[in-house]
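A short write-up of the structure that comes next.
Bear in mind these aren't lab numbers, they're just calculated from the coordinates by the rules spelled out. Because the structure is a prediction, the values reported are computed rather than measured. Positions of Cβ are generated from backbone atoms using ideal geometry, with glycine treated the same way; all protein chains shown enter the neighbour counts.
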Amino acid sequence: MSDEFDRKAWMGLLARAPAADLDRLWARAGFAPEHSYLRPPEVGGVMVRGRAGATGAPFNLGEMTVTRCALRLADGAVGHGYVQGRGKQHAVQAAMVDALMQGPQAKEVRAAVLEPLAEAEASRRAARTAKAAATKVDFFTMVRGED
């Protein structure tokens, strides 16, 4: 993982990470920062928009359930977590990681949580790409010799 791993990147990684993976890494790392909720984890819905052909006019595709959380650590760092689904624990852990990444423990959090999540995501992506490549069909036209 590059040193340019910014907040946008880690927030996206935390949102895409399977809740079980984040929970396992969080428990193994043993981080237990004192915190207070600015917004306790809550489940809601968002409208997902799409575009026909990725370039057409936007349209409302449907609703998706999301869970969000905002908290403040004892040192004043504020963290936010937004995840797909109804995973309140997932949202809290994502917010904790976000807050810790803004403080002096960022290096430890990156090594214990974010780097393993990024590696697992890269493995899943490579496996999906390999599976798709195995189904690729190359169409070609043979020249028949007739004009």
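Please list, ordered by first then second residue, the pairs with beta carbon atoms under 6 Å, 6 or more apart or interchain, first in segment 29-43 and within 12 Å of V92 (Cα to Cα) and in contact (Cβ under 8 Å) with a residue 40 or more places away in the chain, second among the charged types (D, E, K, R) and assigned to a strand (DSSP E or B).
The qualifying pairs are L38/R72.
So T67 fits all but one of (1) without any contact (Cβ under 8 Å) to a residue 40 or more places away in the chain; (2) hydroxyl-bearing (S, T, Y); (3) out of contact with any Pro (no Cβ under 8 Å at 6 or more places or on another chain); what number is the exception?
With respect to (1) without any contact (Cβ under 8 Å) to a residue 40 or more places away in the chain; (2) hydroxyl-bearing (S, T, Y); (3) out of contact with any Pro (no Cβ under 8 Å at 6 or more places or on another chain), T67 is out only on (3).
Testing L61 on (1) under 18 Å from K8 (Cβ atoms); (2) aliphatic (A, V, I, L, M); (3) in a strand (DSSP E or B), one condition comes back false. Which one is that?
(1)
Restricting attention to segment 37-54, which residues are within 21 Å of R86 (Cα to Cα) and either surrounded by 10 or more Cβ atoms within 10 Å (Cβ to Cβ) or of a type outside the set (A, V, I, L, M, F, W, C) (or both)?
Of everything in segment 37-54, those that are within 21 Å of R86 (Cα to Cα) and either surrounded by 10 or more Cβ atoms within 10 Å (Cβ to Cβ) or of a type outside the set (A, V, I, L, M, F, W, C) (or both) turn out to be Y37, L38, R39, P40, P41, E42, V43, G44, G45, V46, V48, R49.
Go over the candidates A32, A91, A99, A95 one by one and state the one that is among the hydrophobic types (A, V, I, L, M, F, W, C), surrounded by fewer than 14 Cβ atoms within 10 Å (Cβ to Cβ) and not in a strand (DSSP E or B). I'd like the intermediate steps shown before the answer.
On the way: A91 fails: surrounded by fewer than 14 Cβ atoms within 10 Å (Cβ to Cβ); A99 fails: surrounded by fewer than 14 Cβ atoms within 10 Å (Cβ to Cβ); A95 fails: surrounded by fewer than 14 Cβ atoms within 10 Å (Cβ to Cβ).
Answer to the check: A32.
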